[in-house]
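Here is the structure we will look at.
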Number of protein chains: 2
Amino acid sequence: MPKIKITLPNGSVKEYNKGITAGEIAFDIGKKLGEDALIAKINGKLKDLFLPIDEDAALQIITYKDKEGIEVFRHSTAHLLAHAVVELFPDAKPTIGPVVEEGFYYDFGISHHFTPDDFVIIEERMNEIVKKGYSVERIELNEPEAKRMFKGNKYKIELIGEFHEQKQPLSAYKQGDFIDLCRGPHIPNTGKIKAFKLTKIAAAYWKGNPNNDQLQRIYGVSFPEKSMLEAHLKLVEEAEKRDHKKLGKELEWFNFFEESPGAPFFYPKGTVIYNQLLNFIRGEYKKRGYQEVITPLLYDKSLWLTSGHWEHFEEHMFKLEAEGKEYALKPMNCPSHVLIYKSKSRSYKELPLRIADFAPLHRNELSGVLVGLTRVRKMSQDDAHIFVAPEQIKEEIFRLLDFTNYIYKDVFDFEYEVELSTMPDKHMGELEDWNKAEESLKKALESKGAAYTIKSGEGAFYGPKIDFHVKDALGRRWQLATIQLDFQLPERFEATYVGTDNSKHKAVMIHRALLGSIERFIGILVEHYAGKLPLWLAPTQVRILTVADRFEEYANEIKTEFEKKDIRIEVDARTESVGYKVREAQHQKIPLILTVGEKEEKNSTVAVRTFDNNVYFDVNTADLLEKTIKNIEEKKVKFEI
Amino acid sequence: MPKIKITLPNGSVKEYNKGITAGEIAFDIGKKLGEDALIAKINGKLKDLFLPIDEDAALQIITYKDKEGIEVFRHSTAHLLAHAVVELFPDAKPTIGPVVEEGFYYDFGISHHFTPDDFVIIEERMNEIVKKGYSVERIELNEPEAKRMFKGNKYKIELIGEFHEQKQPLSAYKQGDFIDLCRGPHIPNTGKIKAFKLTKIAAAYWKGNPNNDQLQRIYGVSFPEKSMLEAHLKLVEEAEKRDHKKLGKELEWFNFFEESPGAPFFYPKGTVIYNQLLNFIRGEYKKRGYQEVITPLLYDKSLWLTSGHWEHFEEHMFKLEAEGKEYALKPMNCPSHVLIYKSKSRSYKELPLRIADFAPLHRNELSGVLVGLTRVRKMSQDDAHIFVAPEQIKEEIFRLLDFTNYIYKDVFDFEYEVELSTMPDKHMGELEDWNKAEESLKKALESKGAAYTIKSGEGAFYGPKIDFHVKDALGRRWQLATIQLDFQLPERFEATYVGTDNSKHKAVMIHRALLGSIERFIGILVEHYAGKLPLWLAPTQVRILTVADRFEEYANEIKTEFEKKDIRIEVDARTESVGYKVREAQHQKIPLILTVGEKEEKNSTVAVRTFDNNVYFDVNTADLLEKTIKNIEEKKVKFEI
C-alpha cells in the first residue's frame, strides 16, 4: 500500500495509507477530535472531511472552535433548512443560502408566504433530518450534468451558466434525497447539527435587485450543542433588554430623528453622561501633558488632497461648495492638527507634542448601515495626535498603554484584548521605518507585560497599529481604543522639527483615540451596565423618597447638603407608596435611592438602596455624603456602604 | 414778499420769505447751528443748504452729529481729494468717490502710481483748497450738456449714459475750477473740512470688474475739528495694538488658515479661554435651571422648510447632498430644540423648559466680509431656547435681564445699552400677540429699572426682541446679547403643552444668546482688555521667575501648591535677567508674575507684579494663594493684594 506523509499543525509528521480521509486521521489522533471534526484544512485549503487524501499534505482538523468551522457549520444548517423546506413545500425553489454575522439564511422562490407559524413544522422536519443522520456527499459535475440535475430551478440554472462562464468548477452536495448546487465544503453528516432555531422572515429579491423576482428569506442560528443554543438565546434576550437604542429612548438619555440620520440627539440626561466622560478625559489630559484645541469642521479640498483623504476616503466625506470652491466636513482630525503643528517652526524640546480635540466628525455612511450610537454619521472622538521624534516612539507608546489600561481596567473594569497589526502588502514608506516602528510597538507591549496577538499585514497603509478589544458583560467584543503610528502624514505635510543637531528632521505622528467615538462608547457602556451606569456617570445620582409628605423638608435638607458637593440629586415627595417610588427610581436606573421617614429624620440617617439592590438601614447621612463623594471621585464601578 | 411756513423738528412753525435757504434759517435759529449746519432735510429729503425754499416745508438742519451729516461731510471730502488730485496730476480721471465705514475713497484712472509719499503733496493741496473756502455750487444738467462738460473723462461719459437711460436727473457740483458729476447733496463750502488724512492706497477696477481698466484708489478720513481727527488717529493706533487677530496670533491663542476661511483654530491657550467661558456659562445654567443638550449639525431640507429657514436664510446655509437627499449645516439651533421639545407630550408643569446648546453653527458668509473672530463662518453660541406659556413671558424676560446684567455688569464690568425692537412692517402672526409680547418686554424692562431705547419696526419677523450693546474700552459699541420672543416657530412646528385645563395650548419660544457667539465674544474681550484678560480667563494665570538657578526648587514648590488648586501656573527658571523675564511674561499677558530669590525663600514669600504693573514685595505665599483662589472664584476684573 503506498504511503503518504501528513504534517500536523504542531509540526509532527505521521505516515498513512494513500487515500485515507481527514475524518479518519482525526479519529486516529483522538476520539474527541474525531467527533468534533467538521472539515479539514489541507495545504491551507478547506476540504470535506470525507475526501480521500492521495499525496503528502499539511493537515489541520477544523472544529466549531475555529472561525471556518463555525461558518461551514452554519452553511450546512442552511442546506438542512432548504432540505426541510423543499420536502414540505414541493414548489419551493432554493436559491442561495449564505452565512451571516449571527447565523445563516436561505432565500426561496416560493408562492407560499412564510409566517413564524411555519417555523414549528419546518424545525420539526429539520430535526427529523438531523435524526436520520444522512451522510453528506460531494458530486463533481460538468455543465450539462449540472443543468440536467437542476432543470426545475431557474435560479440554479442561471447560476450554473454564470459559474461555467467564469470557468469555475461545478459541484453539488447531496444528503438523503436533497441535492443543492454548492462549492462546499460541508460537514460530513446532518446528525452533527444538534441545535438550531429559525429566527426571522424577510422579503428579498433575487440577486438583491428589486427588478428581479421577490424571494422569501428565512434566517436561523445553529450550534453543535443544545447548551450553546440556550446560552445564545439567553444572550439575545439579555441584549434586547440592554439595547442602548431602547434604553436611551426610554430613559430620555438620547434619541434619533429622521431629520438627521445617524446623528444622535443627547437629551439633558445623556448630555450629563457625555460631559462627564469629556471631563474625565480632560482631567487625564492635564495629568498626562495633552493640550486641547478647538478646530474648524469644514476644509478646502486642497487639504484633503494633501492628506490623501480625497483619494482614500472621498466616498465617506460630506462635500459641499462655497464660492466655487469644494469643501468637505472633516471625517478625522489629523490634518487640522498638522496645520497647527506646522504653524511655526518646532524644536525637539517641544516633543512629544500632544494635541487633543473633541471636534464633531462626520462620515457619510449609508443610511442602511446606521445603528444607534454604535454606527453613526456624526460623532466626536477623544482624539489626539502626538508628534514625536522617532526615538520617542517606544516611551510614548508605553505611556499610551498605561493610559488605556487605566481607562479600561482601573476605571471601567473591562476585560480587554490587544492586537498588534503589522505592515500590509499595500503600504507606503520604507521597510526599515516599518521594522523600527513595529519593533517599538512590540517592545512597549512587552515591557508593559501585555499579552497581545499579532495581526499580520493588517496595519493601516501609513503605519502599524495597536487595537484594543473590550469584552462586555455579555461577552461581546468591541473594538475601541486604537493607537496608530504614522510616517506618511508628516511626510506629505512636511511636518518637521529642529533636532539637537540644529537640522530638520521628519516628525512621527501617533493617532490615538482611547474611548474611540464618545457616542459609540456611551452605547457600549449602556449595554454593558444595562443602563446602571457607575455613580460618577449617572445622570441622576441620588433620589430621595419620602415615606410621607411631612418628611419633605428633611429630604430637601439632605438634597441641599448633597448639592453643595455637586451631586446630582432629586427628591420624590409625591404621595405614592414607597414601593411604587422605588420601582420608578430603579426603572430610571438611579444608583442610590434613599428613603426617609420618622426614624431617619430623628436620627439624621437615611435608608439606602444601591443599584445592586442592597439595602442598608439607618445610614448616617453625613457618612453617606462622604462615601458618595469618595465613590464619585474614585470613579468606582460598585457602591459599598 | 410771499411767505412760506417752515415746521421745525420740535413742532414749532416759523414764517419766512419765499426763497430763503436752509442755511439762512439755521443762522436764524442760532449762530452755532448756522455754523455747524452741513445739509438740510426738507420734507424728509436731503438737500443742499444753499438751495432756495419756495414752499411750506418740514425742515431739519443736519450737522456732523447726524449720521447723514457725517456721510455728506465725507463725500464732500472725497470731492476735495479729487479736486487736489486733478490739479496736481492733470491726466487723472476721477471716477467715483463714495463713503465707506470709516471715511471715504476716490478711484482715479491715472498713469501715475500713487505712493504714500504723494499723500504729503496731495494733503497740502487739499489744505490750500480748504483755506480758499470755495463755495459749492449745484448745476442741473441735461444729457448733452453733461456729456459736453465731462467729454475728456470716458468713465463719467459712461455713467452719464447709464443715468440717462435710467431716467435719472443729471447734476454736477462745482468748487473753484473743479467740477464733478454728482447727485449731491454737499456741504456748502470747502472751508468746513477742517481735518482730514489720507490713509491708504489700493488697486481697484472700474466698476469692480477685473476685466475693466485698473484704477488707483485713495482712502481717507475727515472731521469738522482737528481734535476729532487726533482722537480718531489715537483710537486707530490703540485699536491696532489691541487687534484681536494680531494678538491672537502673537500670543498663540488662536489663528486662521486659508484651508478653512472664517473658521478659527483655537490653540491650546485659546481653548483654555473658550472652555473657561463655557464652564462659567454652564455653572450659571445649573443655578438658573437650564438643561444642556448635544444635537446634530446636519439636517434634512424638510426641517428647514418647516422652520422657514429655507425661505429666509437659504443663501447663508452650507448645503450638501447624501443619498439623493438635500441637507444643510445648521446656522441656528432653534429647529433642533423644537424637535426635542416635540419628542413627547409636554405639560404646563414642565414650563419654562430651558434647553441650552453649544453646538457649532455654520453660516455661509462671503469670504470678503470675514473678519477675525468677529465675522466668521463657524461659531458656537451660548444658545438656549426657552419654551414658556404666554403668561410666563414677563417673568422669564425678567430673569433673562438679570442674567444678562450679571454677565455684563457684575462679571465683565462692561457698560451696556438696551434696545427694544418692535413689530416690523413685514411680520407674521396676530397684532394682538405682538402687542401682548411687546407689553411683556416693556414691563420686564421697566420693573428691572433698565433704561432702553425703542427701535420701532426693527423686530424680527417672528417677534419683538431686546438687544444689548456693549461699550468697549475704546468706546466702540458691539451688539452682543439678544433676547427674542417667537410665536411663529411654535406655530409652524405645532409645539404645544397641555395646560391646567387639560387642553392643548401653543407654547411661546424665547431665543436667547447672552455672550452671543463665543468666538466673537472672545475677540471683543481681547480688544477690550488689550489681551490682559481677567485672572479667571487667562490661559496662564501665574508665572514664577527665579532670580537665580538655585531658587528653582522653591519656585517648583510654590507651583505644586498652586496646581493643587487648579491654578494655571508655570516656572521660568532660565538663566536670563529678571528684567528680561518680566518683559517676556508681560508680553504674554500673564496676570500674576511672581519673583523668588533668597529673601523670598527664607521668608516663604514672593514678590508679585500684577497686570496693572503694581509691584508688591514680601507677600506671604499662602496668603497669595488664598487671594488668587478667591479672585478666580469671584471672577474679578482686577487683582488687589
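Worth pointing out:
- Helix A:621-633 axis, angle to chain A major axis (alpha carbon atoms, nearest 10°): 50
- Cα gyration tensor shape of chain A, rounded if a/c is under 1.5, else prolate or oblate by comparing a/b with b/c: oblate
- Of B:LYS174/B:LYS234; B:LYS132/B:LYS154; A:LYS436/A:LYS504; B:LYS301/B:LYS465, pairs whose Cα-Cα distance is over 23 Å: B:LYS174/B:LYS234; B:LYS132/B:LYS154; B:LYS301/B:LYS465
- Candidate aspartates and glutamates for bridging to B:LYS14, where Cα separation is under 15 Å - those fewer than 8 sequence places away on the same chain excluded: B:GLU24, B:ASP28, B:ASP54, B:GLU55, B:ASP56
- In segment A:229-297, GluC sites (Glu not before Pro) in a DSSP loop with at most 12 other beta-carbon atoms within 10 Å: A:GLU258
- Cβ crowding within 10 Å averaged over residues, with B:421-427, B:484-490 ranked highest first: B:484-490, B:421-427
- Within 10 Å of each Cβ in B:255-266, the average number of Cβ atoms from other chains: 6
- Label point 7 Å beyond Cα along the C-beta direction, distances from B:HIS505 to other copies (nm, shortest first): 7.1
- Distance from the Cα centroid of segment B:100-161 to that of segment A:144-188 is 92 Å (rounded to whole angstrom).
- Of B:LYS192/B:LYS226; A:LYS287/A:LYS442; A:LYS627/B:LYS630, those spanning more than 22 Å from alpha-carbon to alpha-carbon: A:LYS287/A:LYS442; A:LYS627/B:LYS630
- Helical content of the protein assembly as shown, expressed as a calculated mean residue ellipticity at 222 nm, amounts to -10500 deg cm²/dmol (DSSP H runs of 4 or more residues, -39,500 (n - 2.57) each, divided by residue number, nearest 500).
- For the pair segment A:545-584 / segment B:320-367, the C-alpha centres are spaced 34 Å from each other.
- Helix B:431-447 axis, angle to chain B major axis (alpha carbon atoms, nearest 10°): 60
- Residue mean of other protein chain beta carbons inside 10 Å, B:494-506: 0
- Cα gyration tensor shape for segment A:132-230, rounded if a/c is under 1.5, else prolate or oblate: oblate
- Here segment A:61-111 is treated with +1 on each Lys and Arg Cβ and -1 on each Asp and Glu Cβ, and its dipole about the Cα centre works out to around 80 debye.
- In nm, spacing of pseudo-spin labels at B:GLU633 and A:ASP413 (7 Å Cα→C-beta vector): 3.5
- In nm, spacing of pseudo-spin labels at A:LYS443 and A:LYS207 (7 Å Cα→C-beta vector): 5.6
- Sparse packing (at most 10 other Cβ atoms within 10 Å of the Cβ) combined with a DSSP loop state is found for the following trypsin sites (Lys or Arg not before Pro) in segment B:55-159: B:LYS65, B:LYS151.
- Qualifying trypsin sites (Lys or Arg not before Pro) for segment A:514-569 [loop in DSSP, other Cβ within 10 Å: at most 12]: A:LYS565
- Chain A residue nearest by beta-carbon to the axis mapping A to B, with distance in Å: A:LEU320, 2.
- Across the identical copies, how the A:LYS67 labels are spaced - nm, sorted shortest first, 7 Å along Cα→Cβ: 7.0
- Within 10 Å of the Cβ of each residue in B:336-346, the mean number of Cβ atoms contributed by other protein chains is 2.
- With Cα atoms, 0 to 90° folded angle of helix B:578-587 axis to chain B main axis: 60
- Position A:ASN212, label points 7 Å along Cα→Cβ, spacing to each other copy in nm (shortest first, one decimal): 6.4
- Protection proxy ranking of A:576-585, A:75-84, by the mean of other Cβ atoms within 10 Å over each peptide's residues and highest first, is A:75-84, A:576-585.
- When the Cα gyration tensor is reduced to axis lengths a ≥ b ≥ c, the ratio a/c stays below 1.5 for segment A:3-62, which is therefore classed as rounded.
- Nearby lysines by direct alpha-carbon distance to A:LYS249 (threshold 19 angstrom, same-chain neighbours under 8 apart not counted): A:LYS241, A:LYS269, A:LYS378, A:LYS532, A:LYS589, B:LYS342, B:LYS344
- Under 14 Å, Cβ to Cβ, from A:LEU535 - net charge with Lys/Arg +1 and Asp/Glu -1: +4
- Probe 1.4 Å, protein heavy atoms only - accessible area per residue of segment B:86-142 in square angstrom: 55
The values are calculated or read from the model by the stated rules, or taken from the named source; none is laboratory data. Just so we're clear, the structure is a prediction, and the values are computed from it rather than from any experiment. Counting neighbours? That spans all protein chains shown, and the Cβs are built from the backbone with ideal geometry, glycine included. For the accessible areas, the whole protein counts, side chains as well, though only heavy atoms, and no ligand, DNA or RNA atoms are used. Shrake-Rupley method; radii C 1.70, N 1.55, O 1.52, S 1.80 Å.
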